[in-house]
Each structure stands twice: as C-alpha cells, then as structure tokens.
Amino acid sequence: MIKKIVVIGPVYPYKGGISHYTGLLVRALGKKYETVCYSYSMQYPKLLFKREQKDYTNKSFCAEDTKYEINTANPFNWGKSAGLIRAEKPDLVIISWWHPYFAPCYQGLTAHLKGIPVAFLCHNVLPHERFPLDSVLTKATLKRAAFAIVHSEGDKEDLNRLLPEMKVCKQVHPTYNAFKMKDMPRGEARKILGLDEESPMILFFGYVRKYKGLDILINAMSESRVRPKLYIVGDFGKDKEEYLKLIEDKGIRDLVHIEDGYVPDTEVEKFFAAADLCVCPYRSATQSGIVQIAYGFGLPVIVTKVGGLPEVVDDGRTGYVVKPEDPEALIAAIDSYFSENRQAEFAENVRAESRRFSWDRMVETIEGAYEEICDTDTRI
C-alpha cells in the first residue's frame with residue numbers, strides 16, 4: 001500500500017510544459033498520499049542551454065515545499081541527493097524522463113535507491129531530435145525501473161522494443177487546466193488582443209521547431225477560403241526570418257500576428273480564450289502538451305496523424321486528424337470547421353471528454369501499476 005511518494009522532475013520556477021506537468025502531478029498525488037517533490041539545484045548547464053531556465057512570475061504550478069537538491073551535472077551530488085530521498089522512506093519514487101541528457105544523473109541516483117520501487121514517467125521515450133547513442137542511454141537508464149508510464153502508443157512501442165520485459169502502462173496526457181486562471185470570456189480576451197468578435201482565429205502555440213510544421217500551416221493558409229487570422233505565439237529561436245519570408249511570399253501578412261518569445265504562464269490564457277481553434281501541424285510527435293492546454297480551455301484542435309496525437313483527438317468530434325505534411329488536407333479541415341460552424345458542437349464534445357484526461361485517471365494508473373509490481377514483488 002502506498003503511503004509516501006517522492007516525485008523527481010522540473011517544477012516551478014523552471015519553465016516549460018514538463019515543469020507544469022510535475023507541479024500538477026504532485027498536487028494530484030498529494031490529495032491521497034504524502035508526496036514530496038525533489039527538483040534540481042541545476043537542471044542544464046548554461047553551456048548546453050543558453051536561454052533563461054526559470055520564470056518567477058507565476059506560482060500557479062508550484063509544488064509546495066519542493067526540495068531543490070539535484071545537480072544533474074555533478075556526480076558527487078547524486079549520492080547525496082539519493083541519501084536525502086532514502087531518508088524520506090518513500091514507498092515509490094517517480095522520475096520524469098524526456099531526454100537522455102539525464103541518463104548519467106538518473107543512473108547515479110537509482111544506483112543508491114536499491115530496494116525502493118522506481119517508476120519512470122516518460123514524456124518522450126526517445127528525444128524528438130535523435131542523436132548517436134540516445135537509445136543506448138535510454139535503455140541503460142529506464143531498465144532500472146520497476147515500471148514505466150507513457151502517454152502514447154508510439155512511446156509504448158519504443159519502450160517495448162528497447163526493454164521487452166518492462167511493465168509499461170499507457171495513460172493519455174492529462175489536461176493542463178491550471179492555465180485557466182481568470183476564466184476569461186472570449187470577448188474580453190479578443191479585446192486585449194485587439195481582435196474583433198467576428199473574425200475567425202486559429203492559434204499555433206509553443207516553441208517553433210521544424211518538426212512542428214509551422215511552415216506547412218503557413219503554406220496551407222494561402223489557400224484558405226475562410227481566411228482566418230493566424231496567431232503564432234512562441235519562441236522562434238534562430239529561424240524567424242525564414243518564416244517571415246514564407247509569410248510574405250504567400251501573401252498572407254495581413255492574416256498573421258506573431259508574438260515571438262517565451263510566454264509567461266500568466267499571459268497564456270488570453271490566446272486560448274480568444275481562439276476558435278488550435279492547430280498542431282506536426283511532422284512528428286510523441287504527444288503534445290499544447291493539445292492538453294487547448295482542452296483545458298474547451299478549445300478544439302486540429303492535429304496530424306503522427307505519434308500519439310490521434311489518440312487524444314476524436315476525429316470529427318473534438319477536432320480533426322489530418323495527414324502530416326499535407327497543406328491541402330490541413331486547410332480543408334480548417335475551412336470545414338468554420339464554414340460548417342462546428343465550434344460550439346466540438347467545444348461541448350471536448351468538455352464531455354474531461355474525465356478521460358483527468359489527473360485522477362493518472363493517479364489511478366500509478367496506483368494500479370504499483371499494486372501489480374507489489375504483487376509480483378518486482379524491485380530494482
């Protein structure tokens with residue numbers, strides 16, 4: 001029986017979706033169990049990650065009494081941090097996994113946690129941008145766990161291929177409903193953005209990376225009959241000029257509004273509250289936290305048929321699933337959504353699916369996996 005859980009991962013003030021996820025997971029588990037979060041005194045060396053890693057402007061996703069002890073690049077720290085975790089006497093340790101950079105650190109930690117069941121919660125089993133030895137590092141780390149939890153069938157297949165004997169549980173990515181801080185009406189959000197009530201608006205949100213297919217969406221927009229406004233909200237990095245040129249070449253500059261840079265948590269709501277539709281035209285993916293942010297606002301989504309995205313969008317009910325790298329299919333879905341006035345119907349369907357994406361379901365998945373490994377006496 002679980003009494004106490006230690007969760008390891010990024011959490012406020014660290015930026016990003018995985019940090020938000022960790023904070024919400026700790027809260028959900030804390031409703032039933034004594035739960036302690038161990039995060040990083042240093043997450044990434046500045047040499048590897050030059051952007052600002054922390055955002056202190058909003059504590060909505062914080063995990064109370066988090067212990068910032070783990071230095072991911074300091075081997076002398078790992079044994080000390082593991083000793084502190086052991087002193088908590090947890091029944092289960094849950095570790096966030098999304099990139100092989102953390103392999104040495106997590107191997108060092110788990111080497112000192114023998115006898116305590118460890119679960120890896122995999123946001124991505126393998127990284128989006130592959131590199132030599134990534135699967136070797138992943139396998140060597142995740143094999144130390146009693147079980148793993150994934151959010152997509154693709155991740156489950158990857159993990160089964162790397163570690164055929166491992167117990168793997170799949171549970172859809174829960175909803176990021178904590179961004180809905182003010183329950184902002186659509187009209188108020190549009191007034192803040194300077195957008196009128198009638199204009200159809202679609203939203204592309206998050207870091208702009210090649211695999212996310214923003215160029216495909218821009219190409220599609222030039223063929224639209226409905227001609228919705230496109231809000232691109234996120235950090236472009238070094239490729240912004242390439243996208244600006246494509247927008248100009250396609251003659252849609254009057255339709256596109258760009259908010260370049262990191263969006264603080266407190267500023268997220270106005271974009272999703274104002275939008276009619278969120279579009280994720282990805283070339284590849286495991287899952288997407290952006291879909292779950294949209295669902296937290298009752299906002300329908302268009303995704304491509306890659307990774308776990310088709311598993312969370314009910315095609316024709318909560319959004320559309322289209323072929324990847326197909327601008328014609330993408331714009332057909334966008335135009336159909338607006339010309340057939342599907343907004344209210346789809347939004348209601350999103351709300352009806354809320355239980356499937358709840359944090360309670362995630363807690364139940366963890367409980368079930370833990371009980372099963374206890375029954376078989378599986379230990380690292």
Practice item. Give me a count of the residues in the stretch 193-212 that are of a type outside the set (A, V, I, L, M), modelled with pLDDT of 95 or more and either touching an Asp or Glu at 6+ places or on another chain (Cβ under 7 Å) or not assigned by TED's automatic domain parsing to the domain that holds residue 323 (or both). Key: 1
Study note, to complete from the structure: Picking from 210, 180, the residue that is surrounded by fewer than 14 Cβ atoms within 10 Å (Cβ to Cβ), within 22 Å of the chain's Cα centre (by Cα), closer than 25 Å to residue 263 by Cα and touching a residue at least 40 places away in the same chain (Cβ under 8 Å) would be 210
**Study point:** Residues satisfying the stated conditions in the stretch 147-162, i.e. under 16 Å from the mean Cα position of the chain (by Cα) and of a type outside the set (Asp, Glu)
**Key:** 149, 150, 151, 152, 154
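So is residue 260 farther than 18 Å from residue 290 by Cβ, free of Cβ contacts under 8 Å to residues at least 40 places away in the same chain and either in the same structural domain as residue 200 (by TED's automatic domain parsing) or surrounded by fewer than 20 Cβ atoms within 10 Å (Cβ to Cβ) (or both) or not?
The answer is no for residue 260.
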**Study point:** Options 83, 79, 154; residue that is of a type outside the set (Phe, Trp, Tyr), under 26 Å from residue 48 (Cβ atoms) and in a helix (DSSP H, G or I)
**Key:** 79
**Study point:** Filter result for the condition that a residue is assigned by TED's automatic domain parsing to the domain that holds residue 366 and in a loop (DSSP other than H, G, I, E, B), over 140, 119, 145
**Key:** 145
Check your understanding: When you go through 44, 38 one by one, which is the residue that is outside any helix (DSSP H, G or I) and in contact with a strand residue (DSSP E or B) (Cβ under 7 Å, 6 or more places away or on another chain)?
Key -> 38
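The values are calculated or read from the model by the stated rules, or taken from the named source; none is laboratory data. Nothing here was measured: the structure is a model prediction, and the numbers come from that model. Backbone-built Cβ (ideal geometry, glycine too); neighbour counts: all protein chains shown.
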